[in-house]
Amino acid sequence: MVSLDDFEPLAQRLIAKPAYDYFAGGVEDEVTLSENRTAFQRIRLRPRVMVDVGQRDLTTTVLGHRVSMPLLLAPTGHQKMAHPDAELATARAAHAAGTIATFGCAAHYGIEEITAVSPGPIWFQLYAYDSRPVTERIIRRAEEAGCQALVITVDGSYASRRWRNLRNQFALPPGVEVRNLVGVGMRDDLLRDDLSGYPAFLSSLRTLNLTWADLEWMRALTKLPILLKGILTVDDARLAVEHGVEGIIVSNHGARQIDTTAPTIEVLPAIAEAVGGRIEVLVDGGIRRGTDVLKALALGAKAAMIGRPYVWGLAVGGEAGVRQVLELLRTEIDNALAQLGRSSVANIDRSLVLLPGETPH
Ligand SMILES: Cc1cc2nc3c(=O)[nH]c(=O)nc-3n(C[C@H](O)[C@H](O)[C@H](O)COP(=O)(O)O)c2cc1C
């Protein structure tokens with residue numbers, strides 16, 4: 001395993017095709033899925049030389065938490081299809097690596113089962129379901145479990161047309177549950193002891209179609225810091241700031257909701273500039289290299305997040321596989337700092353990169 005790309009083909013051999021396609025796929029033609037990667041490859045780096053970078057510091061803070069590197073784990077659903085230890089393995093690996101993982105409504109394990117195996121910090125990702133009382137119960141459960149922030153996904157209220165899933169007639173396999181959605185006031189009556197009622201339970205779930213008014217309600221409801229995940233425009237970033245959230249995640253949901261949106265790294269600079277440091281800006285989508293992480297920081301992100309890469313690590317080796325992915329990225333970030341003549345992630349700035357069309361200087 002010398003690069004993150006080495007994990008996916010191995011994972012593909014180990015898991016069922018519909019599960020692989022669910023993890024790997026994007027929406028429709030998957031144009032944005034590939035552009036999330038190529039957009040990073042088009043950004044040029046500007047190494048400085050003859051700088052003493054013998055000591056390098058990868059640490060930073062995100063929402064006040066010290067992390068060992070500027071790389072966090074984005075929420076990914078149904079990890080049990082990759083490995084039986086699922087979110088428990090991911091949570092342990094993130095803690096061991098000194099970073100933050102996010103789990104949410106599409107996790108197999110309940111959030112209190114996850115926080116019980118890892119001191120965290122752990123963030124809870126929320127899809128709003130059914131009604132405000134149900135959504136409030138989900139939030140309270142995350143608070144009681146000890147989660148340290150609420151990541152509200154704002155681009156997932158409506159199901160998207162992912163062709164791979166449609167062609168596979170994808171459905172969750174038996175034994176893959178959504179425990180955070182049980183016991184919060186939805187159709188628990190459909191569930192049976194042998195789990196045979198799960199398909200009926202799943203098809204009974206209805207999302208609440210979020211608006212800014214719902215965010216105001218949630219803001220008043222919880223003291224947890226809130227991050228909005230799925231911001232792609234300056235307009236919405238400004239609204240997020242006005243609504244008093246602590247952070248945003250510039251994200252196109254790993255190109256899984258609507259195709260031909262801009263790759264996230266392209267919209268990040270304008271959004272970060274508009275936010276102007278008032279709240280924290282994170283980014284995800286296509287981050288696969290240490291240099292991608294540094295490019296994200298140079299363009300205004302406090303930290304970057306990964307989705308698919310750690311799912312492949314999980315499929316390949318459970319907790320150890322996720323750790324391997326994280327340690328590989330740590331090695332790459334550290335090496336990139338040295339090659340670029342920068343001693344710490346804290347002093348990465350815009351001078352690190354040239355965007356397409358910019359004149360080298
Ligand atoms: C298999 C899979 C499941 C996902 N599930 C969720 C989810 O439940 N909630 C959410 O907010 N985002 C979800 N995402 C989006 C990720 O949080 C993240 O935005 C995306 O994976 C980042 O892109 P990358 O996979 O290229 O790193 C999912 C992504 C994948 C690949």
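Could you please tell me which pairs satisfy a Cβ distance under 7 Å, a separation of 6+ or placement on different chains, a first residue in the stretch 226-255 that is in contact (Cβ under 8 Å) with a residue 24 or more places away in the chain, and a second residue that is surrounded by fewer than 24 Cβ atoms within 10 Å (Cβ to Cβ) and acidic (Asp, Glu)?
Ile226/Glu246; Leu227/Glu246; Gly230/Asp155; His243/Glu216; Glu246/Glu280; Gly247/Glu280; His253/Asp155; Ala255/Glu30
Just for the stretch 26-36: of the residues that are crowded, with 22+ Cβ neighbours inside 10 Å and assigned to a loop (DSSP other than H, G, I, E, B), which one is nearest to the ligand (Cβ to nearest atom)? Before the answer, list the steps.
Taking the stretch 26-36 first, the residues crowded, with 22+ Cβ neighbours inside 10 Å are 26-27, 32-33, 35-36.
Going one step further and asking which of them are assigned to a loop (DSSP other than H, G, I, E, B), we end up with 26-27.
On the way: Gly26: 9, Val27: 11 Å.
For the stretch 26-36, the residue satisfying everything is Gly26.
State which residue is farthest from the ligand (Cβ to nearest atom) when the search covers only the stretch 76-92 and only residues that are in contact (Cβ under 8 Å) with a residue 60 or more places away in the chain, under 15 Å from the mean Cα position of the chain (by Cα) and assigned to a helix (DSSP H, G or I).
Filtering first and then ranking leaves Thr90.
Scan (1) crowded, with 19+ Cβ neighbours inside 10 Å; (2) farther than 18 Å from Arg37 by Cβ for the single condition Asp334 breaks and write down its number.
(1)
Do any residues in the stretch 104-120 that are closer than 19 Å to Val176 by Cβ have Cβ atoms under 7 Å from those of residues that are part of a strand (DSSP E or B) and away from the ligand (no atom under 13 Å from the Cβ), where the two are at least six apart or on different chains, and which pairs are they?
From the stretch 104-120, the pairs are Ile114/Ile122.
Only one residue in Arg219, Arg187, Arg238 is among the basic types (Lys, Arg) and touching a Ser or Thr at 6+ places or on another chain (Cβ under 8 Å), so which one is that? It would help to see each step written out before you state the result.
On the way: Arg219 fails: touching a Ser or Thr at 6+ places or on another chain (Cβ under 8 Å); Arg238 fails: touching a Ser or Thr at 6+ places or on another chain (Cβ under 8 Å).
Every option except Arg187 fails the conditions.
Collect the residues in the stretch 143-161 that are in a loop (DSSP other than H, G, I, E, B) and near the ligand (Cβ under 10 Å from one of its atoms), keeping them in residue-number order.
Hits for the stretch 143-161 are Val154, Asp155, Gly156.
Just to be sure before I move on: is Val117 modelled with pLDDT of 95 or more, more than 16 Å from the ligand (Cβ to nearest atom) and either over 22 Å from Leu228 (Cα atoms) or out of contact with any Asp or Glu (no Cβ under 9 Å at 6 or more places or on another chain) (or both) in the structure I sent? Give the steps one after another, and end with the answer.
Numbers: modelled with pLDDT of 95 or more: yes; more than 16 Å from the ligand (Cβ to nearest atom): yes; either over 22 Å from Leu228 (Cα atoms) or out of contact with any Asp or Glu (no Cβ under 9 Å at 6 or more places or on another chain) (or both): yes.
Yes; evaluated as a whole, the condition is true for this residue.
The values are calculated or read from the model by the stated rules, or taken from the named source; none is laboratory data. Bear in mind the structure is a predicted one, so any value in this text is a computation, not a measurement. A quick note on method: Cβ atoms are made from the backbone with ideal geometry, for glycine too, and the neighbour counts reach across all protein chains shown.
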